[in-house]
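Have a look at the structure below, then the notes.
The values are calculated or read from the model by the stated rules, or taken from the named source; none is laboratory data. Given the structure is predicted, the values throughout are model-derived calculations rather than measurements. Cβ: placed from backbone, ideal geometry, glycine included. Neighbour counts: every protein chain shown.
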Amino acid sequence: YDVVQDLDTQSPPRDFEEARELWRVSDQATQELASGLCEQLRLILEPTKSTKLKGDYKTGKRLNMKRIIPYIASDFRKDKIWLRRTKPSKREYQVMLAIDDSKSMYESGSVELAFNAVALVCKALNQLESGDLSVVRFGEDVKVVHSFDKPFNGHDSGPKIFQWFDFQQTRTDVRQLCESSLNIFEEHKVNTDLWQLQIIISDGVCEDHETLKKLVRKAREERIMLVFVIIDTLNSEESIIDMSQVKYNLDPETNSMNLEVKKYLETFPFDFYVVVRNINELPEMLSLILRQYFSEVAST
Amino acid sequence: MTEDISQVKIKLVSKEEDETLRVPEAPLFVPVSLKRYGLSEVVNHLLGRDGQAEETRPISFDFLIGEKLLRTTLDDYLVKNGLSNETLLEVEYTRSALPPSFLAAF
Ligand SMILES: [Mg+2]
């Protein structure tokens, strides 16, 4: 499995000191936002309080009426006649943060916002203290820059993650990202109750929406949530919201290709996405989209 | 396969005085395989010039990138100039000055 390359065989494009300074700036810019996001995530990811009473126990909250007759008939030996409120099980989850390292991020001026978003999400999840965090970068390749097995600490892990980003990759292969991520999640799935979430941070410009749609559906079937955070440019004339896409559709009658111009986001393959222009918007947007996701998952 | 789906973000600009020949400046995501003819078709589509009547009949356009006439596909242009499709290409269009028979060549 060669697209996910081994970290040890390559050296990062940015030196540690430089990355540490970048991390320090992002860390500072997202201090308050991180605690806010942490609280919101706690509410969303927190296990729902169990109100169900379950049996059979020797002591408990209420009698299980079905057990009374056997209890008497057994000469009071079968004494597990009590119901208890079952403890809500702790919701276990894994979050993979995927950052677009392609050159378009640099050219559209999305770098600062991307770094801040990484710092924000990493710190918020770390403060939550339950669940594993992994960070991957993508572009031409897909590379795990912080694996699920490692603990995260701001002083060391943060700068080490930043070292791997220089936003010079000349492709944005989101398809490969999705395929690799599904494999990584599969490898790390310790039990079937695990919630696996991927947050993709990118300028959102990617090809082959049709294929991506299939992969998004496949992920959903495997209970992997994909949430796409689109970093929009500050230059309003170049906003992804106004961007259009040229498509050619085969006309079966004339057998010719018909030109069609559609809004780019109309065919955007990810169902759960938000468009963010300012880091201050991210906690609210992320919570909103996650709540929407969970409510849809719960209703299906 | 990758060739077919590869796209690039472009921004169409024009110095034409005629306001009716201006398209919105919002970015467009187009196949890198487009040449002059394909781009001309796109501009005409955006202008609503895809009919038969005099005022909606398509116009021939020429395309310039960095003030140089585009004679190849967008992809060729990117490769020759050491660029990738991660860049936003500013593409200028003007009414074609060349005779139609010559235009068919590129
Ligand atoms: Mg890109």
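Structural remarks
- When A:Lys160, A:Lys150 are checked against the criterion of being more than 14 Å from every other protein chain (Cβ to nearest Cβ), surrounded by fewer than 23 Cβ atoms within 10 Å (Cβ to Cβ) and either within 14 Å of the ligand (Cβ to nearest atom) or in a loop (DSSP other than H, G, I, E, B) (or both), a single residue qualifies: A:Lys150.
- Residue in segment A:110-127 that is in a strand (DSSP E or B) and either away from the ligand (no atom under 16 Å from the Cβ) or within 14 Å of chain B (Cβ to nearest Cβ) (or both) present: no
- Residue in segment A:183-205 that is under 30 Å from A:Glu32 (Cα atoms), within 16 Å of the ligand (Cβ to nearest atom), among the small types (Gly, Ala, Ser) and in contact with a strand residue (DSSP E or B) (Cβ under 7 Å, 6 or more places away or on another chain) present: yes
- Looking only at segment B:27-43, residues that are touching a residue at least 12 places away in the same chain (Cβ under 8 Å) and either within 9 Å of chain A (Cβ to nearest Cβ) or in a strand (DSSP E or B) (or both) come to 8 in all.
- Within segment A:198-210, the only residue that satisfies the criterion of being crowded, with 16+ Cβ neighbours inside 10 Å and in a helix (DSSP H, G or I) is A:His209.
- Scanning segment A:128-147 for residues that are part of a strand (DSSP E or B) and within 10 Å of A:Ser102 (Cα to Cα), we see that the one that is farthest from the other protein chains (Cβ to nearest Cβ) is A:Arg137.
- Note on segment A:179-197: residues that are in a strand (DSSP E or B) and aliphatic (A, V, I, L, M) amount to 1.
- Filter result (under 17 Å from A:Glu222 (Cα atoms), crowded, with 22+ Cβ neighbours inside 10 Å, among the polar types (S, T, N, Q) and at pLDDT 95 or above) within segment A:163-197: A:Ser181
- Among all residues of segment B:2-20, there is at least one that is surrounded by fewer than 17 Cβ atoms within 10 Å (Cβ to Cβ), among the hydroxyl-bearing types (Ser, Thr, Tyr), within 14 Å of another protein chain (Cβ to nearest Cβ) and under 24 Å from A:Thr267 (Cα atoms).
- Among the residues making up segment A:163-179, those that are touching an Asp or Glu at 6+ places or on another chain (Cβ under 9 Å) and away from chain B (no Cβ under 14 Å) are A:Gln163, A:Trp164, A:Phe165, A:Leu177.
- Checking A:Asn249 against (1) surrounded by fewer than 15 Cβ atoms within 10 Å (Cβ to Cβ); (2) within 14 Å of the chain's Cα centre (by Cα), the condition it does not meet: (2)
- Those residues of segment A:263-288 which are crowded, with 19+ Cβ neighbours inside 10 Å and assigned to a helix (DSSP H, G or I), in sequence order: A:Tyr264, A:Ile279, A:Leu282, A:Pro283, A:Leu286
- Breaking point among (1) part of a helix (DSSP H, G or I); (2) within 14 Å of chain B (Cβ to nearest Cβ); (3) in contact with a Leu (Cβ under 9 Å, 6 or more places away or on another chain); (4) surrounded by fewer than 23 Cβ atoms within 10 Å (Cβ to Cβ), for A:Tyr106: (3)
- Residue in segment A:241-250 that is of a type in the set (Phe, Trp, Tyr) and within 16 Å of the ligand (Cβ to nearest atom) present: no
- The listed residue being acidic (Asp, Glu), farther than 22 Å from A:Ser102 by Cα and either in contact with a Phe, Trp or Tyr (Cβ under 7 Å, 6 or more places away or on another chain) or part of a strand (DSSP E or B) (or both), out of A:Glu253, A:Glu260: A:Glu260
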